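The next block holds one structure in the form of structure tokens; read it before the comments.
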């Protein structure tokens, strides 16, 4: 059975002891919370701007194009319904489809404010609609300008993490290790990492989730230039001390990793999170260096494709006196 | 009579001991200060930009439309007064109303820089006015672009608070509790809460307002993913220790709540405030969970409509030796 | 002679002990440093953007209008020199002045991209220039958009300070006091004040400037809603303890005041500085309240025009044993 | 041989003990890391936006102009291939080169949305292409607007450092000194400096790089108004204590300097880094003042061209008992 040591148990993880979610993990690999919110209308629960900010490039540009086309189709329909004879310069002898297309082109010339004028509104209704459309156009492109600016200035840490956490030999004992590196031409300073272990345990016959902050060899670095291997020694200070691999599997260990740093590019604080499920922890392995000296000796080369590079390593037997779960207060 | 214990009395609330405002609360429910400023002209006291940033969507768009219309009406009037015969392409045989409308449409084509050209300025005066208007147009839309960008990038905490604070049973005693949750797809980290209790008391025959920071079970959480129930134990450390419900009513207790956190969306510090008047405190109740496991066990569901969900709960009798108000220094 | 106590002497004021500037103050009333930089070309010493950001509204708009006019005059000259016959639609029988004016109007239609087209470029040279001008126009207005946005989003504390610092009676002794308040509809939290006293003294026959951080009754407030009277007790902890009014005049005391706070409007840290020269310190006065309850008792009224309101007050005699300047190490 | 004292050895420099790069320095003079990243495609390793933000003015404007020209050439080619007879208003009897040029001018009128209309699209294909181009134009200029805004609002410290670090006499001993000053009309507050010494040493027969934070006389100043001379006393607290000049040369000492401050202009935290290689350290010299009183005594003058001004100074003999490298654990 799984032993459990009541040590540093915290309840400030933002989840709480009753959040013993069977099956699902608490934090997804990409750092987002595995959480659904209900009870409020969709539009109140969602932040449209931030959704647009965080979606992929392809999806974003598709939405922009659809947005432009939709507005044009809408106004083209209005011009068409009012009558293309009110659009000076459009040949009135074309087919209906041609009329609609011409209305569409006039609409796009109005929306983008290019306004060649070889087609121009005639009559109060069409002039008024065109006046509205050019106004809509300017507001729409104000929104798009802001959105584009927001997208490329959104502070991000640009960190990659090793796919797996390792249990490696460390100073005669064992330690849990994971590795990270910045992959862009950015530079992080005052980087700080916080690892919280979530353990689903049986306490006095009741299933609860306990959260423990993990002590780290270094939890801060002044400058994150090369890779950073974060080390949690599995000694008597560790909440996982005395746990066998099977115990951790049973308690569905999840390591929630949060990195916070100051980024030179954005002159802003950036954050990134990830998590490691027990199934992503490898026993008996150590990371191999991912940087080397350049051949001409002039600088250092950080090999980002080696972030996961590790070799098997024999673990020393843990020297543990299991603590009986019943002796806990 | 109301007993009073001089404990942790602070004067750094920003209000000061003489601010014993009869009747009104110090902080409004929406977190704004219940304060009027005088002695400076209106335009110096107001920050126009921030007023526009914080108003409702409907009001904001109404102002934008009115702004656009006003500028157009102004310039249309100028063109009309100079003479529509100076606008090439406008039929000069229409009614006066028609002339004004045509001037209006020309104005909007100039302001938005769509400039079809089927109507074009003729003569120095009209050309100069049109030159000014197109310049005004570009500046105006620069302002609107900034405003729109400012509105959707304004850092906000997107927190909902429970309508009421509860006095609930807690570890054999009593505690004051309130609950909050984020309602958007945002994620707060390093969230910190500060609750200040304002008590209007009689000290040596003089009415004064005293402010006390309240000790909390947890005043910080690493990550505010689910709901957060903030707990102030009503033990001997509490400035309200020994106060009966009637005492608190007499001293018109007000809890000023300030939350500060780092928001992932904005990569910025966000703040939100609220307050609970004694009339919004329920005696003998406890919050019921507002999150549950999804049916398929894959994630957690946060039910935002249950933020206020509570049940009645019997309170243990407080074990208090009332402190005599006269024994205070 | 001026006595001097070596107490908390700091050299991290950014000025240094040799900065004994005869006559001029170190920090101006508006908080800027009374400093001139030389040794680098003007354009490298100046930040054009920030100069434009900080200038007055009137000056800024004047520059914008001059900027627009200059570009138009420049391009009008170019079109005029190439020949107005290359601008289709311009009457070629006008005067030279008329030709130039028409070139100017065409230029403004191109720069703002309104492009009616009743006048249009003809020939390679004019078409190429117009192509460049419309490009310049868009870039120029991109700059103006950014500038306008930068101006109205520039974080500022919007604080007013009392014109004078007072030496007032305080807890049986004396204290130096000054007062501040926010004058806009903004709200500062976590406000922090730092007062550094600069004393120009004679140390071992050499004139030096010494800087001392002043101890304050409260140097932080959670929330700066009403006015804040900052109090430095003139007790034995004070570097000015034992100084008579004449001593302070002789040592040309200057109080450098820096306020730092978090502003809700900007969701940013804001700063404001000011300074008080000894000639701006009033002996024997106390501030009168500048806020009162509204007549209907519903809220508090902060009267900004009363920021300087004070009354005369008799000061208790200081109980001081002057420290001999020669006994200093 | 080089002596070595195990003192304050830190491994949170972001480099790590194995980063003994022969030859190259760790940090370049401009503060960037002397590092190459490999293993990811170029486009994933680079942040295009930040590259554009940090390049020189000349290079940036060249790219903008090339960008504008390229888009025009592209669309001009498309219009030309579809047929210039589909562009109403273009003389069809010109040469092919003339046709292309006219297509180019039409393209630029569409891209900038100036749209005079003396040339206008005719037919579905050309109208559709023009509709796309004007849309592309608006998006492109939205990008350029954001880029320009990003460039002139990028927080920077605007610091100059002395070219050399000096080993100067200091309180009867020696100290390492370097000097910095702000060269723009900006003002830094809460400035903090962190100097890390990198020493490449032989430990138990193995070449390793050790990092030591250097103790400073002042590591923080409230306000960086004038110049700031940063002083590291070479006393027994120093990791370089007992090192001769030759020892430091052998261990290829590198001083990595990082300054962090709050900037009034940007209301943001700014950072700047630099480094001093042992070859940039001058033994036996002291800085001369770089500021003086104005002739009229009204303010202080900071002479930026004197940042490197120093004179020779005789160093006292260090009183050192060399520590044997073998006695280290």
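The values are calculated or read from the model by the stated rules, or taken from the named source; none is laboratory data. Since we're looking at a predicted model, the values are computed, not measured. All Cβ positions, even for glycine, are placed from backbone atoms using ideal geometry, and neighbour counts span all protein chains on display.
Is it the case that some residue within the range A:226-233 is out of contact with any helix residue (DSSP H, G or I) (no Cβ under 8 Å at 6 or more places or on another chain) and modelled with pLDDT under 90? Full working, then the answer.
Our first condition is that a residue be out of contact with any helix residue (DSSP H, G or I) (no Cβ under 8 Å at 6 or more places or on another chain); within the range A:226-233, this holds for A:226-233.
Now restrict to residues that are modelled with pLDDT under 90: A:226-227.
So far as the range A:226-233 goes, yes, one or more of its residues are out of contact with any helix residue (DSSP H, G or I) (no Cβ under 8 Å at 6 or more places or on another chain) and modelled with pLDDT under 90.
When the range D:49-78 is examined, which residues are found to be within 14 Å of chain A (Cβ to nearest Cβ) and either farther than 26 Å from residue A:185 by Cβ or in contact with a strand residue (DSSP E or B) (Cβ under 8 Å, 6 or more places away or on another chain) (or both)?
Filtering the range D:49-78 for residues within 14 Å of chain A (Cβ to nearest Cβ) gives D:49-55, D:75.
Selection gives D:75 alone.
Among the candidates A:255, A:248, A:214, single out the residue that is within 16 Å of residue A:277 (Cα to Cα), touching a helix residue (DSSP H, G or I) at 6+ places or on another chain (Cβ under 8 Å) and assigned by TED's automatic domain parsing to the domain that holds residue A:164.
A:248
Name the residue that is nearest to the other protein chains (Cβ to nearest Cβ), counting only residues in the range A:92-103 that are surrounded by fewer than 16 Cβ atoms within 10 Å (Cβ to Cβ) and within 19 Å of residue D:131 (Cα to Cα).
Residues of the range A:92-103 surrounded by fewer than 16 Cβ atoms within 10 Å (Cβ to Cβ): A:92-98.
Cutting the leftovers down to within 19 Å of residue D:131 (Cα to Cα) gives us A:97-98.
On the way: A:97: 10, A:98: 8 Å.
Among residues in the range A:92-103 that are surrounded by fewer than 16 Cβ atoms within 10 Å (Cβ to Cβ) and within 19 Å of residue D:131 (Cα to Cα), the one nearest to the other protein chains (Cβ to nearest Cβ) is A:98.
Being surrounded by 22 or more Cβ atoms within 10 Å (Cβ to Cβ), in contact with a strand residue (DSSP E or B) (Cβ under 8 Å, 6 or more places away or on another chain) and within 13 Å of another protein chain (Cβ to nearest Cβ) is true for just one of C:197, C:165. Which residue is that?
Details: C:165 fails: within 13 Å of another protein chain (Cβ to nearest Cβ).
Going through C:197, C:165 in turn, the sole match is C:197.
Only residues that are touching a residue at least 40 places away in the same chain (Cβ under 8 Å) and surrounded by 15 or more Cβ atoms within 10 Å (Cβ to Cβ): list them for the range B:62-73, please.
Going through the range B:62-73, the residues touching a residue at least 40 places away in the same chain (Cβ under 8 Å) turn out to be B:64, B:67-68, B:71.
Once the filter is applied, which keeps residues that are touching a residue at least 40 places away in the same chain (Cβ under 8 Å) and surrounded by 15 or more Cβ atoms within 10 Å (Cβ to Cβ), the range B:62-73 yields B:64, B:68, B:71.
Within the range B:170-186, does at least one residue satisfy the condition of being in contact with a helix residue (DSSP H, G or I) (Cβ under 7 Å, 6 or more places away or on another chain), within 12 Å of chain A (Cβ to nearest Cβ) and in a strand (DSSP E or B)?
For the range B:170-186, residues in contact with a helix residue (DSSP H, G or I) (Cβ under 7 Å, 6 or more places away or on another chain), within 12 Å of chain A (Cβ to nearest Cβ) and in a strand (DSSP E or B): present.
Residues checked against (1) surrounded by 22 or more Cβ atoms within 10 Å (Cβ to Cβ); (2) in contact (Cβ under 8 Å) with a residue 24 or more places away in the chain; (3) farther than 30 Å from residue D:35 by Cα:
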site	(1), (2), (3)
A:189	no, yes, no
A:192	no, yes, no
A:214	yes, yes, yes
A:218	no, no, no
A:223	yes, yes, no
A:229	no, yes, no
A:252	no, yes, yes
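Can you tell me which residue within the range A:25-37, out of those that are crowded, with 16+ Cβ neighbours inside 10 Å and within 7 Å of chain B (Cβ to nearest Cβ), is farthest from the chain's Cα centre (by Cα)?
Ranking the candidates gives A:37 first.
Kindly state which strands (runs of 3 or more DSSP E) lie completely within the range A:215-328 and contain at least 2 residues that are within 8 Å of chain D (Cβ to nearest Cβ). Outline the logic, then answer.
Working: elements: A:220-224, A:228-233, A:254-263, A:268-277, A:281-283, A:285-287, A:291-293, A:300-303, A:310-312.
Hits in the range A:215-328: A:220-224, A:291-293, A:300-303.
Looking at this structure, is residue A:127 crowded, with 18+ Cβ neighbours inside 10 Å and without any contact (Cβ under 8 Å) to a residue 40 or more places away in the chain? So that I can check it myself, show each step before the final result.
Details: crowded, with 18+ Cβ neighbours inside 10 Å: yes; without any contact (Cβ under 8 Å) to a residue 40 or more places away in the chain: yes.
Yes, satisfied.
With the requirement that a residue be touching a helix residue (DSSP H, G or I) at 6+ places or on another chain (Cβ under 7 Å) and either within 30 Å of residue D:149 (Cα to Cα) or in contact (Cβ under 8 Å) with a residue 12 or more places away in the chain (or both), what does the range D:74-97 give you?
Correct list: D:75, D:76, D:78, D:79, D:80, D:82, D:84, D:86, D:87, D:90.
For the range B:104-135, what are the residues that are within 11 Å of chain A (Cβ to nearest Cβ) and part of a helix (DSSP H, G or I)?
Hits for the range B:104-135 are B:104, B:105, B:106, B:107, B:108, B:109, B:110, B:111, B:134.
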